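Following: one structure in structure tokens, then a few remarks.
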Amino acid sequence: MRLVSGTQIGGKDILVINALPEEAQTKYGLLKEELLKHAEVASVTSAMQLPGKAIRDGALFRCEGQAQENVQFMQVLAVGNDFIPFFDLHLAAGYPFSNVSRTRADEKAMLLDYWDNDYAPSGLSETYIINSRAMHTLGFTRPEETIGKRLILSRGSGVAYIDKGTIVGVLGDDFNYTSAYEENIPLVLMVRKYFQHCLFVRFKGNKEQGVAAFKQAWHTVIPNIHADYSFLSDVYANVYHNERMAKSLVNFFALLSLIVANLGLVIIMAFLIKRKTKEIGIRKVNGASATNILCLLNGRIAVWICIAFIVAIPPAWWAFKVWLENFARKTPLHWWIFVLAGLSVMLVSTLAVSLQTFRALRLNPVVALKTE
């Protein structure tokens, strides 16, 4: 899955924990510091949730100075301040998050005060990075003109205990944190220490050594809790499990069909050549070349393959089109895909049939003429 422009995120070298225990969230800073002491660990970050699923949280935003009725609902993703460089995200404009001095305990106190008293500190502000859909939703056309604009959060959202902030970055058009099934949605990234539920650890070099380093660091900081980890590649494999299974089934049955069809062609050709052995001998005696005889014997089969190919194109195109409707971002169905498939089948079938023809061509014409 391509998560961002220029970066193919396979995830085999990225360890993830989907739901950090409470103690791990509290000691996240210590855990990160201990992990980065190991040479096998390249970088560490966190987020509210793992990629590949729908964003669960959202809030109402408006640009500062606009009326209350101009609010726009946008999804919210809380991330660590080093989330952007960790995934090498491309920013169309602006810069990544800077370090945030607030602690998780500070934000927990603010959140409880907000729930109890509907109060958000008036002097507290934060920074946002938005995607291109959010930029257009807010009424801007170019990323550059979005940088520095102030946003106000409406009351009622769970993240409104900090109710204002400044846009410092705009992500590229191809950023997608959910999945290929969902349309790109207006999204606001913010650094919130209290909502860092998921851990990401990128390894460099040997993965096994990286896992050993992770376990050692985890045991040092949180010795009493087992680390229930997986890899980002496993997360994506689970998201696209049905497509992976469908691919395996299609490949298996396509290969099986090709084998059965070619076995049928070989049998038919063997029967046809047996009947035409004498004819082949006569043609060879009269000067017919091997190419002439191959074209003569394979021509009729090739015609039937072409007819089958023409008949198969409409249902194949329709099946692909229906399947692609499951995805928000669809690859185009180019004509050359079907032509290439047809030529491949024609090549394999011609080779299978030609093997039988070559056997007849190797016969001595005198022996072939005696064949009844």
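The values are calculated or read from the model by the stated rules, or taken from the named source; none is laboratory data. What you see is a predicted model; the values in this text were computed from it and never measured. Every residue, glycine among them, receives a Cβ derived from its backbone with ideal geometry; neighbour counts consider all protein chains shown.
In this structure, is ALA261 touching a residue at least 12 places away in the same chain (Cβ under 8 Å) and either in a helix (DSSP H, G or I) or not assigned by TED's automatic domain parsing to the domain that holds ASN176 (or both)? So that I can check it myself, show each step before the final result.
On the way: touching a residue at least 12 places away in the same chain (Cβ under 8 Å): yes; either in a helix (DSSP H, G or I) or not assigned by TED's automatic domain parsing to the domain that holds ASN176 (or both): yes.
Spelling it out, ALA261 is indeed touching a residue at least 12 places away in the same chain (Cβ under 8 Å) and either in a helix (DSSP H, G or I) or not assigned by TED's automatic domain parsing to the domain that holds ASN176 (or both).
Here is a check on your reading of the model: is GLY139 assigned by TED's automatic domain parsing to the domain that holds GLN216, crowded, with 18+ Cβ neighbours inside 10 Å and of a type in the set (Gly, Ala, Ser)? If you could, list the steps in order and put the result at the bottom.
Values: assigned by TED's automatic domain parsing to the domain that holds GLN216: yes; crowded, with 18+ Cβ neighbours inside 10 Å: no; of a type in the set (Gly, Ala, Ser): yes.
So GLY139 does not fit the description; no.
Within 30 Å of VAL285 (Cα to Cα) and at pLDDT below 85, is that true of THR331?
Details: within 30 Å of VAL285 (Cα to Cα): no; at pLDDT below 85: yes.
It is false that THR331 is within 30 Å of VAL285 (Cα to Cα) and at pLDDT below 85.
Quick check on my filter: what residues within region 132-184 are touching a helix residue (DSSP H, G or I) at 6+ places or on another chain (Cβ under 6 Å) and either more than 15 Å from GLY58 (Cβ to Cβ) or of a type in the set (Val, Ile, Thr) (or both)? Walk me through it before giving the result.
Let us first name the residues in region 132-184 that are touching a helix residue (DSSP H, G or I) at 6+ places or on another chain (Cβ under 6 Å), namely 135, 140, 146, 161, 167, 170, 173, 179, 184.
Answer for region 132-184, where residues must be touching a helix residue (DSSP H, G or I) at 6+ places or on another chain (Cβ under 6 Å) and either more than 15 Å from GLY58 (Cβ to Cβ) or of a type in the set (Val, Ile, Thr) (or both): MET135, PHE140, THR146, TYR161, ILE167, VAL170, ASP173, SER179.
Condition check ((1) surrounded by 15 or more Cβ atoms within 10 Å (Cβ to Cβ); (2) touching a helix residue (DSSP H, G or I) at 6+ places or on another chain (Cβ under 8 Å)) across all residues:
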{"position": "LEU36", "(1), (2)": "no, no"}
{"position": "GLY58", "(1), (2)": "yes, no"}
{"position": "VAL71", "(1), (2)": "yes, no"}
{"position": "GLY80", "(1), (2)": "yes, yes"}
{"position": "THR103", "(1), (2)": "no, yes"}
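Name the residue that is nearest to the chain's Cα centre (by Cα), counting only residues in region 205-227 that are in a loop (DSSP other than H, G, I, E, B) and surrounded by 14 or more Cβ atoms within 10 Å (Cβ to Cβ). Full working, then the answer.
Taking region 205-227 and keeping what is in a loop (DSSP other than H, G, I, E, B), we get 205-206, 222-227.
Add one more test, that the residue is surrounded by 14 or more Cβ atoms within 10 Å (Cβ to Cβ), and what stays is 222, 225, 227.
Numbers: ILE222: 33, ILE225: 32, ALA227: 26 Å.
Applying the filter and picking the extreme gives ALA227.
Can you find a residue in region 297-318 that is under 26 Å from VAL339 (Cα atoms), in a helix (DSSP H, G or I) and touching a Lys or Arg at 6+ places or on another chain (Cβ under 8 Å)? Write out each step before concluding.
Going residue by residue through region 297-318, those that are under 26 Å from VAL339 (Cα atoms) are 297-318.
So of that shortlist, the ones also in a helix (DSSP H, G or I) come out as 297-318.
Narrowing the set further to residues that are touching a Lys or Arg at 6+ places or on another chain (Cβ under 8 Å) leaves 297.
Yes - at least one qualifying residue is present in region 297-318.
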